Amino acid sequence: MPAKPLSPEQLEDAARLKSKFRMWQAVRAEAGKPWSQEYCSEQLRMGQSAINQYLNGRIPLNLNALLKFAILIDVPVRELSPTLADEMEMLAKGYLPHSIPAQPLAWPFPAIDQEKLQRLDRDSLTRLEGAILLAAKQLELDIRKK
């Protein structure tokens, strides 16, 4: 069964991503910094095929991919996908999309397994903390301890 075609909005997201990504690659190449697909694949922790599919609008951006690309190329998520940025803000404020039933939980992240998080090693926790702080910065949220 063929994949569902992307909406015009999703195609616009892909075009914005591709434009920003290509500019990032050009700046890095000019500065003599790594920018190859292999380098990007390692940094994004996704295959080169998936990267190309996101850039060429074959698969829609999701929150995870959006955040990874935004962090890699150092642009606000809103510049890549205003709609997904709005969704991230809603999630950050504790509002859940209509597709996810709201449940009263003490743990504020229903999509994250608290037990798995507690089993992470120190290096993984440090990397996760960095990613969270970068995401918060992208969303202009001040969550850093004083």
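Bear in mind that the values in this text are calculations on the coordinates, not laboratory data. Note that the structure is a prediction, hence the values are computed from the model and not measured. Cβ placement follows ideal geometry from the backbone for every residue including glycine, while neighbour counts extend to all protein chains displayed.
Descriptive notes on the structure:
- Acute angle (nearest 10 degrees) that the helix 63-73 long axis makes with the longest principal axis of the chain, alpha-carbon atoms: 50 degrees
- Mean residue ellipticity at 222 nm, helices only, the chain: -18000 deg cm²/dmol; runs of at least 4 DSSP H residues each add -39,500 (n - 2.57), and the sum is divided by the number of residues.
- Rounded to whole numbers, the Karplus 3J(HN,Hα) couplings from phi for segment 13-18 are 4, 4, 5, 5, 4, 4 Hz, using 6.51 cos²θ - 1.76 cosθ + 1.60 with θ = phi - 60°, and x at Gly and Pro.
- Residue of Arg58, Arg28, Arg78 that the Gaussian network model of the chain assigns the largest fluctuation, springs spanning Cα pairs under 10 Å: Arg28
- Residues within the reach of a label modelled at Ser49 (point 7 angstrom out along Cα to beta-carbon, backbone nitrogen below 15 Å), restricted to segment 9-42: there are none.
- Estimated dipole of the chain in Debye, rounded to 20 [Cβ of Lys and Arg +1, of Asp and Glu -1, Cα centre]: 240 debye
- Sorted on the mean count of surrounding Cβ atoms within 10 Å across their residues, most packed first, peptides 120-127, 48-55 read 48-55, 120-127.
- Using a simple spin-label model with pseudo-atoms 7 Å out from Cα toward Cβ, Arg22 and Lys146 lie 4.7 nm apart.
- Burial ordering of Trp107, Trp35, fewest other beta-carbon atoms within 10 Å first: Trp107, Trp35
- Peptides ranked, highest mean first, by Cβ atoms within 10 Å: ranges 6-16, 61-71: 61-71, 6-16
- Ratio of the Cα radius of gyration of the chain to 2.2 N^0.38 Å, where N counts its residues: 1.14
- Each listed q (0.25 Å⁻¹) maps to a log10 I(q)/I(0) for segment 1-61 from the Debye sum over equal C-alpha point scatterers, namely -1.04.
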